[in-house]
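To start, the structure itself, in structure tokens.
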Amino acid sequence: MSETIYDQIENYGLSQKDRKKTMFSKIGVVGCGREGQNIVGITASAGLDVVFVELSQDKIDTAISRIGRNLDDKIENWGLTAGEKKAIMTRIKGTVNYEDLSDCDFVIECTRHDTNTGERNTRYRKEVFEKLESVLAPDAIIATNASTVIVTELAQDLQYKERCISLHFLVTQPEGRILEIVKGLYTSDEVYEKVLVFTKMIKHEIISVHESAGLVSLRLFVVMLNEGCQMLMENVASIEDIDKILTKGWGYRKGVFRIADEIGIEKVVALMENMFREYGDKKYKPNTLLMRLYRAKQFGQHTGKGFYTYDENGKLIK
């Protein structure tokens, strides 16, 4: 009688042992302020698991609460169901430890700007990149969501420089679903192509941008904002009417003053000063009216007053 041969079922079945890890099975985010919350919400809504790093448990709880409220707004506008919200929230985890990012294959850094000095935070961002490289696999992608920081500068001290790339989500216009992508000097073609796949997974359109401070979106925006401020100072038209020209006349979703309030005047001023230092062109220098709001700490929606006035929930008071 011939001997019976037994093969392990793992060789033929879809066991955990032989199942290959899919691309972008887990996304990491460092910093979960408004920009980070937007990115976490978008990626989790696309069906991806997301873990974000914050400085404390309080900040983690605040971020998760705000992400939940953003999803509640979509439910109210019939863009989401309660069941879908629950599924999205189960994909999101907060942590204070970089080690919890170790099995991520793509991590996006979106730490806050230093509003006290107006600096680009390049030094701190480089420290974040170095921490990420110490815990991630060599083929994991590291990205920054910065708009005025040059990714080549962030990557230059890393061992695997080719893994670094820059993305820019338009946080005030998430419904626009557009993403600016910047290859650094060291960024490999393979990494760039993988990020294009990620962009399609989250259902965003791609704008390919060469490395430059302000990219396309902010360079256009701040020039329009400065001109709008100048018209206000010349008493050409009111805040509301200047914004109305853009929304009703040109089809913009929001006017420049509303967008500035939503970004935060303090952040807009810092970004503009960075671009002014980078290019030396006074069209990027913050207008006198912007500086008045900045010095008065009337930063916009999150402080209750900027160009417009807002209630305690950040809703526009008309």
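The values are calculated or read from the model by the stated rules, or taken from the named source; none is laboratory data. As the structure is a prediction and not an experimental result, all values here were calculated from the model. Quick reminder, even Gly has a Cβ in these numbers, built from the backbone with ideal geometry, and neighbours come from all protein chains shown. Calculation scope for accessible area: heavy atoms of the full protein, side chains included, ligands and nucleic acids excluded. Shrake-Rupley method; radii C 1.70, N 1.55, O 1.52, S 1.80 Å.
Here are a few things to note about the model shown:
- Among residues of the range 213-222, those that are of a type in the set (Gly, Ala, Ser) and either open to solvent by 20 Å² or more (accessible area, probe 1.4 Å) or over 23 Å from residue 263 (Cβ atoms) (or both), counted: 1
- Residues of the range 132-150 satisfying the condition of being part of a strand (DSSP E or B) and open to solvent by 60 Å² or more (accessible area, probe 1.4 Å): none
- Of 153, 127, all but one fail to be out of contact with any Leu (no Cβ under 8 Å at 6 or more places or on another chain), in a helix (DSSP H, G or I) and without any contact (Cβ under 8 Å) to a residue 24 or more places away in the chain; the exception is 127.
- Any hit, the range 222-231, residues being at pLDDT 95 or above, within 21 Å of residue 146 (Cα to Cα) and either under 19 Å from the mean Cα position of the chain (by Cα) or of a type in the set (D, E, K, R) (or both): yes
- Taking residues in the range 166-183 that are of a type in the set (Phe, Trp, Tyr), and partners anywhere that are open to solvent by less than 30 Å² (accessible area, probe 1.4 Å) and not in a helix (DSSP H, G or I), the pairs with Cβ atoms closer than 7 Å and at least 6 places apart or on different chains are 169/145; 169/179.
- Subset of the range 265-284 [more than 19 Å from residue 146 (Cα to Cα) and touching a residue at least 40 places away in the same chain (Cβ under 8 Å)]: 283
- Residue that is least open to solvent (accessible area, probe 1.4 Å), among those in the range 49-60 that are touching a residue at least 12 places away in the same chain (Cβ under 8 Å) and over 16 Å from the mean Cα position of the chain (by Cα): 60
- Every condition in (1) farther than 20 Å from residue 246 by Cα; (2) hydroxyl-bearing (Ser, Thr, Tyr); (3) surrounded by 15 or more Cβ atoms within 10 Å (Cβ to Cβ) is met by residue 308 except one, and the failing one is (1).
- Some residue of the range 292-310 being under 22 Å from the mean Cα position of the chain (by Cα) and farther than 30 Å from residue 88 by Cα: yes
- Filter pass, residue 259 being farther than 16 Å from residue 220 by Cβ and not polar (S, T, N, Q): no
- Of all residues in the range 213-233, those satisfying the criterion of being part of a helix (DSSP H, G or I) and among the small types (Gly, Ala, Ser) are 217, 228.
- Those strands (runs of 3 or more DSSP E) lying entirely in the range 158-212 with at least 2 residues open to solvent by 20 Å² or more (accessible area, probe 1.4 Å): 178-183, 205-209
- Cβ pairs under 6 Å, 6+ apart, first in the range 297-316 and at positive phi, second of a type in the set (Ser, Thr, Tyr): 304/310
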